[in-house]
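One structure is given here, and the rest of the page talks about it.
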Amino acid sequence: MSRPVARWTGLLVSVRDAVEAVDAVAGGAAIVDVKEPLNGPLGAASARVAAAVAAAVGGRVPWTLACGELARGADAAAVVHRALAALPGGVDRPAAAKAGPAGLAATAWRSAFAIFASALPPDVEAIAVAYADWRKAAAPTPCDLVAAAADAGCRTLLIDTFDKSATGTAAGADLPASIAAARAAGMAVAVAGRLDRADVPGVIAFGADVVAVRSAACHGGRLGRVDRALVAALAAAIPGPGKDGGPVPATLDQVFVPTVPERPER
(Lines give C-alpha, C1' and ligand atoms only; values in the text may rest on other atoms or scores of the structure.)
Protein backbone atom coordinates (compact mmCIF):
# COMPACT_ATOMS: atom_id res chain seq x y z
CA MET A 1 0.00 0.00 0.00
CA SER A 2 1.42 3.40 -0.94
CA ARG A 3 1.90 6.05 1.73
CA PRO A 4 0.30 9.53 1.54
CA VAL A 5 2.10 12.07 -0.64
CA ALA A 6 4.87 13.69 1.39
CA ARG A 7 4.72 17.42 2.04
CA TRP A 8 8.32 18.48 1.77
CA THR A 9 9.21 21.48 3.96
CA GLY A 10 12.07 22.60 6.18
CA LEU A 11 15.75 21.68 6.38
CA LEU A 12 17.24 18.68 4.57
CA VAL A 13 20.66 17.49 5.70
CA SER A 14 22.68 15.04 3.63
CA VAL A 15 24.49 12.44 5.73
CA ARG A 16 27.16 9.83 5.11
CA ASP A 17 26.40 7.46 7.98
CA ALA A 18 24.19 6.71 10.98
CA VAL A 19 26.19 8.86 13.40
CA GLU A 20 25.66 11.89 11.18
CA ALA A 21 21.97 11.00 10.86
CA VAL A 22 21.54 11.10 14.64
CA ASP A 23 23.16 14.54 14.82
CA ALA A 24 21.11 15.83 11.88
CA VAL A 25 17.81 14.82 13.51
CA ALA A 26 18.93 16.08 16.92
CA GLY A 27 19.77 19.43 15.36
CA GLY A 28 16.33 19.80 13.80
CA ALA A 29 16.61 18.42 10.28
CA ALA A 30 13.16 17.82 8.80
CA ILE A 31 14.51 15.40 6.16
CA VAL A 32 17.62 13.23 6.16
CA ASP A 33 19.20 12.41 2.80
CA VAL A 34 21.67 9.55 2.37
CA LYS A 35 24.57 10.54 0.14
CA GLU A 36 28.24 9.71 -0.40
CA PRO A 37 29.93 12.94 -1.54
CA LEU A 38 33.05 11.11 -2.72
CA ASN A 39 30.86 9.58 -5.46
CA GLY A 40 29.74 12.86 -7.03
CA PRO A 41 27.23 15.67 -6.44
CA LEU A 42 24.44 13.13 -5.90
CA GLY A 43 26.72 10.25 -5.03
CA ALA A 44 25.06 7.02 -3.91
CA ALA A 45 26.02 5.45 -0.59
CA SER A 46 26.13 1.69 -0.03
CA ALA A 47 23.03 -0.28 0.87
CA ARG A 48 24.59 -1.04 4.27
CA VAL A 49 24.96 2.68 5.03
CA ALA A 50 21.43 3.44 3.85
CA ALA A 51 19.98 0.74 6.11
CA ALA A 52 21.94 2.00 9.13
CA VAL A 53 20.79 5.57 8.51
CA ALA A 54 17.17 4.47 8.19
CA ALA A 55 17.38 2.66 11.54
CA ALA A 56 19.08 5.63 13.21
CA VAL A 57 16.40 8.02 11.94
CA GLY A 58 13.83 5.64 13.38
CA GLY A 59 10.84 7.14 11.60
CA ARG A 60 11.26 10.55 13.27
CA VAL A 61 11.64 12.28 9.90
CA PRO A 62 11.48 11.09 6.28
CA TRP A 63 14.69 9.89 4.68
CA THR A 64 15.67 9.98 1.03
CA LEU A 65 18.34 8.56 -1.25
CA ALA A 66 20.77 10.12 -3.69
CA CYS A 67 21.21 7.74 -6.64
CA GLY A 68 23.91 9.29 -8.83
CA GLU A 69 23.12 10.39 -12.37
CA LEU A 70 20.26 9.32 -14.62
CA ALA A 71 22.74 8.74 -17.43
CA ARG A 72 23.77 5.57 -15.56
CA GLY A 73 20.47 4.05 -16.64
CA ALA A 74 19.06 1.23 -14.55
CA ASP A 75 21.89 1.59 -12.01
CA ALA A 76 20.21 4.68 -10.53
CA ALA A 77 17.03 2.83 -9.57
CA ALA A 78 19.08 -0.18 -8.47
CA VAL A 79 20.49 1.96 -5.64
CA VAL A 80 17.00 2.10 -4.15
CA HIS A 81 16.30 -1.61 -4.56
CA ARG A 82 19.61 -2.58 -2.94
CA ALA A 83 18.79 -0.31 0.00
CA LEU A 84 15.31 -1.82 0.34
CA ALA A 85 16.78 -5.32 0.36
CA ALA A 86 19.12 -4.34 3.20
CA LEU A 87 16.49 -2.77 5.46
CA PRO A 88 15.59 -4.75 8.58
CA GLY A 89 11.94 -5.33 9.37
CA GLY A 90 10.01 -2.47 10.90
CA VAL A 91 12.28 0.27 9.55
CA ASP A 92 10.76 2.96 7.34
CA ARG A 93 11.44 2.79 3.64
CA PRO A 94 12.87 5.81 1.80
CA ALA A 95 10.28 8.46 1.02
CA ALA A 96 11.98 9.58 -2.18
CA ALA A 97 14.96 9.12 -4.46
CA LYS A 98 16.72 11.43 -6.90
CA ALA A 99 19.25 11.22 -9.70
CA GLY A 100 20.92 14.04 -11.62
CA PRO A 101 20.56 15.12 -15.26
CA ALA A 102 24.27 15.42 -16.12
CA GLY A 103 25.15 14.54 -19.71
CA LEU A 104 21.55 14.45 -20.92
CA ALA A 105 19.71 16.71 -23.33
CA ALA A 106 16.11 17.56 -22.42
CA THR A 107 14.64 14.83 -24.63
CA ALA A 108 17.02 12.22 -23.26
CA TRP A 109 16.24 13.35 -19.71
CA ARG A 110 12.53 12.73 -20.25
CA SER A 111 13.20 9.16 -21.32
CA ALA A 112 15.76 8.46 -18.59
CA PHE A 113 13.58 9.94 -15.85
CA ALA A 114 10.57 7.93 -16.99
CA ILE A 115 12.62 4.73 -16.75
CA PHE A 116 13.94 5.72 -13.31
CA ALA A 117 10.52 6.66 -11.94
CA SER A 118 8.83 3.53 -13.26
CA ALA A 119 11.50 1.32 -11.69
CA LEU A 120 10.88 2.69 -8.19
CA PRO A 121 8.33 1.19 -5.79
CA PRO A 122 5.07 3.17 -5.77
CA ASP A 123 5.73 4.54 -2.27
CA VAL A 124 9.13 6.00 -3.21
CA GLU A 125 8.78 9.38 -4.94
CA ALA A 126 11.04 10.17 -7.89
CA ILE A 127 12.39 13.71 -7.49
CA ALA A 128 13.50 15.67 -10.55
CA VAL A 129 16.87 17.44 -10.34
CA ALA A 130 18.00 20.58 -12.17
CA TYR A 131 21.61 21.80 -12.02
CA ALA A 132 22.03 25.56 -11.69
CA ASP A 133 25.46 25.19 -13.34
CA TRP A 134 23.90 23.23 -16.19
CA ARG A 135 26.64 24.08 -18.69
CA LYS A 136 29.28 22.35 -16.56
CA ALA A 137 26.98 19.35 -16.22
CA ALA A 138 26.03 19.25 -19.92
CA ALA A 139 22.45 19.11 -18.65
CA PRO A 140 19.18 20.84 -19.60
CA THR A 141 18.70 24.41 -18.42
CA PRO A 142 16.67 24.66 -15.22
CA CYS A 143 13.76 26.22 -17.15
CA ASP A 144 13.78 23.40 -19.73
CA LEU A 145 14.00 20.82 -16.98
CA VAL A 146 11.11 22.38 -15.04
CA ALA A 147 8.96 22.13 -18.16
CA ALA A 148 10.00 18.50 -18.75
CA ALA A 149 9.45 17.60 -15.09
CA ALA A 150 5.99 19.16 -15.14
CA ASP A 151 5.11 17.16 -18.25
CA ALA A 152 6.33 14.02 -16.48
CA GLY A 153 3.99 14.67 -13.56
CA CYS A 154 6.76 15.30 -11.02
CA ARG A 155 5.66 16.48 -7.60
CA THR A 156 9.05 17.77 -6.42
CA LEU A 157 12.03 19.54 -8.00
CA LEU A 158 15.52 19.84 -6.52
CA ILE A 159 17.72 22.70 -7.78
CA ASP A 160 21.35 21.86 -7.02
CA THR A 161 24.89 22.48 -8.28
CA PHE A 162 26.92 19.92 -10.22
CA ASP A 163 30.42 21.28 -9.52
CA LYS A 164 30.87 21.20 -5.76
CA SER A 165 34.41 22.57 -6.00
CA ALA A 166 33.32 25.83 -7.62
CA THR A 167 32.60 29.03 -5.73
CA GLY A 168 29.05 30.35 -5.60
CA THR A 169 25.78 28.61 -4.85
CA ALA A 170 22.58 27.57 -6.54
CA ALA A 171 21.05 30.76 -5.10
CA GLY A 172 21.96 32.74 -8.21
CA ALA A 173 20.20 35.17 -10.49
CA ASP A 174 18.09 32.51 -12.23
CA LEU A 175 16.85 30.89 -9.02
CA PRO A 176 13.70 32.97 -8.47
CA ALA A 177 12.47 32.32 -12.01
CA SER A 178 13.17 28.58 -11.72
CA ILE A 179 11.36 28.31 -8.39
CA ALA A 180 8.42 30.34 -9.67
CA ALA A 181 8.10 28.12 -12.74
CA ALA A 182 8.17 24.95 -10.66
CA ARG A 183 5.66 26.30 -8.16
CA ALA A 184 3.38 27.39 -11.00
CA ALA A 185 3.52 23.80 -12.25
CA GLY A 186 2.38 22.55 -8.84
CA MET A 187 5.74 21.20 -7.69
CA ALA A 188 7.35 21.55 -4.30
CA VAL A 189 10.89 22.95 -4.58
CA ALA A 190 14.09 22.08 -2.73
CA VAL A 191 17.20 24.21 -3.19
CA ALA A 192 20.73 22.94 -2.53
CA GLY A 193 24.20 23.72 -3.83
CA ARG A 194 26.77 25.06 -1.35
CA LEU A 195 24.23 27.09 0.59
CA ASP A 196 25.23 28.58 3.92
CA ARG A 197 23.19 30.09 6.73
CA ALA A 198 23.29 33.55 5.14
CA ASP A 199 21.63 32.13 2.00
CA VAL A 200 18.66 30.64 3.85
CA PRO A 201 16.41 33.73 4.18
CA GLY A 202 16.79 34.59 0.50
CA VAL A 203 16.11 31.05 -0.67
CA ILE A 204 12.97 30.88 1.48
CA ALA A 205 11.89 34.32 0.24
CA PHE A 206 12.19 33.10 -3.35
CA GLY A 207 9.61 30.41 -2.52
CA ALA A 208 11.66 27.29 -1.77
CA ASP A 209 9.92 24.70 0.41
CA VAL A 210 13.11 22.90 1.42
CA VAL A 211 16.64 24.15 2.04
CA ALA A 212 19.10 21.29 1.46
CA VAL A 213 22.64 21.36 2.83
CA ARG A 214 25.70 19.33 3.57
CA SER A 215 28.78 21.60 3.75
CA ALA A 216 27.02 24.21 5.92
CA ALA A 217 26.02 21.51 8.41
CA CYS A 218 29.54 20.10 8.69
CA HIS A 219 32.77 20.95 10.42
CA GLY A 220 35.36 20.58 7.69
CA GLY A 221 33.11 21.21 4.69
CA ARG A 222 31.45 18.70 2.40
CA LEU A 223 33.81 15.88 3.39
CA GLY A 224 33.74 16.79 7.08
CA ARG A 225 31.31 15.66 9.76
CA VAL A 226 27.75 16.81 10.42
CA ASP A 227 27.49 18.82 13.63
CA ARG A 228 24.14 19.14 15.43
CA ALA A 229 24.84 22.72 16.55
CA LEU A 230 25.41 23.80 12.95
CA VAL A 231 22.24 21.96 11.93
CA ALA A 232 20.31 23.70 14.70
CA ALA A 233 21.51 27.13 13.54
CA LEU A 234 20.38 26.38 9.99
CA ALA A 235 17.03 24.98 11.13
CA ALA A 236 16.42 28.06 13.27
CA ALA A 237 16.83 30.27 10.19
CA ILE A 238 13.89 28.55 8.47
CA PRO A 239 10.49 29.94 9.50
CA GLY A 240 7.62 27.59 10.19
CA PRO A 241 6.00 25.46 12.86
CA GLY A 242 8.10 23.47 15.32
CA LYS A 243 9.77 20.32 14.12
CA ASP A 244 8.38 17.85 16.59
CA GLY A 245 9.12 14.26 15.81
CA GLY A 246 9.19 12.71 19.22
CA PRO A 247 12.23 12.36 21.47
CA VAL A 248 15.54 12.48 19.67
CA PRO A 249 18.41 10.25 20.79
CA ALA A 250 21.38 12.07 22.27
CA THR A 251 23.87 9.53 21.00
CA LEU A 252 24.04 6.69 18.53
CA ASP A 253 24.06 4.24 21.47
CA GLN A 254 20.40 5.10 22.11
CA VAL A 255 19.15 3.87 18.73
CA PHE A 256 19.10 0.43 17.18
CA VAL A 257 21.49 0.25 14.27
CA PRO A 258 21.28 -3.08 12.46
CA THR A 259 24.25 -5.14 11.51
CA VAL A 260 23.71 -5.52 7.79
CA PRO A 261 26.03 -7.75 5.77
CA GLU A 262 27.98 -5.76 3.25
CA ARG A 263 26.61 -6.39 -0.23
CA PRO A 264 28.66 -5.98 -3.37
CA GLU A 265 27.71 -2.71 -5.10
CA ARG A 266 27.63 -2.74 -8.87
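The values are calculated or read from the model by the stated rules, or taken from the named source; none is laboratory data. Nothing here was measured: the structure is a model prediction, and the numbers come from that model. Reconstructed Cβ throughout: ideal geometry from the backbone, glycine too, with neighbour counts over all protein chains shown.
Does residue 73 count as at pLDDT below 95 and either of a type outside the set (Val, Ile, Thr) or over 11 Å from the mean Cα position of the chain (by Cα) (or both)?
So residue 73 fits the description; yes.
What are the pairs, 6+ residues apart or on separate chains, where a residue within region 125-141 that is in contact (Cβ under 8 Å) with a residue 60 or more places away in the chain and under 14 Å from residue 112 (Cβ atoms) has its Cβ under 7 Å from a residue that is of a type in the set (Lys, Arg) and surrounded by fewer than 24 Cβ atoms within 10 Å (Cβ to Cβ)?
Sorted first by the residue in region 125-141, then by its partner, the list stays empty.
Taking region 203-239 as the region of interest, how many residues are surrounded by 15 or more Cβ atoms within 10 Å (Cβ to Cβ) and part of a helix (DSSP H, G or I)?
The number of residues fulfilling the criteria is 14.
State yes or no: is residue 85 surrounded by fewer than 19 Cβ atoms within 10 Å (Cβ to Cβ), more than 16 Å from the chain's Cα centre (by Cα) and small (Gly, Ala, Ser)?
yes
Looking at 133, 196, which one is acidic (Asp, Glu) and under 20 Å from residue 32 (Cα atoms)?
196
Kindly indicate whether any position in region 95-103 is touching a strand residue (DSSP E or B) at 6+ places or on another chain (Cβ under 9 Å), closer than 20 Å to residue 33 by Cβ, touching a residue at least 60 places away in the same chain (Cβ under 8 Å) and assigned to a loop (DSSP other than H, G, I, E, B).
Yes, region 95-103 contains a residue that is touching a strand residue (DSSP E or B) at 6+ places or on another chain (Cβ under 9 Å), closer than 20 Å to residue 33 by Cβ, touching a residue at least 60 places away in the same chain (Cβ under 8 Å) and assigned to a loop (DSSP other than H, G, I, E, B).
Take the residues of region 143-199 that are assigned to a loop (DSSP other than H, G, I, E, B) and of a type in the set (Lys, Arg): which is nearest to residue 43 (Cα to Cα)?
Across region 143-199, the extreme among qualifying residues is 164.
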